[in-house]
Amino acid sequence: MDSFVWVVLAAVLGVAEIFTLTAALGLLAAAALAAAGAAALGLGPFAQFAVFAAVSIGLLIGVRPLVKRQLRPRYGPQHRFGVAALVGRQARVVQEVTGHAGRVRIGGEEWSARAYDETLVIPAGTTVDVIEIEGATALVYPRE
């Protein structure tokens, strides 16, 4: 095969990597460039494929786990932010909470609230848990 074909394959794989962000296609693009180098040195098609296969396997086994580790988000459930961070927190009922309306204070902020169980009526002053956030409304359930 001509080195031009390998370079085109590397370019196609590189562009595909941009869209997928898996780190695998980029490594295969690097292997295609290595095979292009083998073709430029005058090695035959069998040797080019062997170089491509060896470099692909080496990069996928050696480099991809390191890249995936860096791409993995470091934020687990304990590092939630935004309204997701409010789920599971305690709140204090400011105005009676029913299945339709009410007000709670969550960490210094007042939120509209509804009872998670629509049959409950939660009086003011009760400590509740935030079960879910729906828009700007906290769905709460009394603490036991």
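The values are calculated or read from the model by the stated rules, or taken from the named source; none is laboratory data. Everything quoted here is computed from the prediction, not taken from an experiment. Here Cβ is always computed from backbone atoms with ideal geometry, including for glycine, and neighbour counts include all displayed protein chains.
Can you tell me which residue among THR22, THR98 is modelled with pLDDT under 85 and among the hydroxyl-bearing types (Ser, Thr, Tyr)?
It is THR22.
List, please: which pairs have Cβ atoms under 6 Å, are six or more places apart or on different chains, and start with a residue in the stretch 10-35 that is farther than 18 Å from VAL51 by Cβ and end with one that is at pLDDT below 85?
What qualifies is ALA23/ARG64; ALA23/VAL67.
Considering only the stretch 56-75, how many residues are modelled with pLDDT of 90 or more and either of a type in the set (S, T, N, Q) or within 17 Å of VAL8 (Cβ to Cβ) (or both)?
1
Restricting attention to the stretch 12-53, report how many residues are of a type outside the set (Phe, Trp, Tyr) and within 30 Å of the chain's Cα centre (by Cα).
Final tally of qualifying residues: 20.
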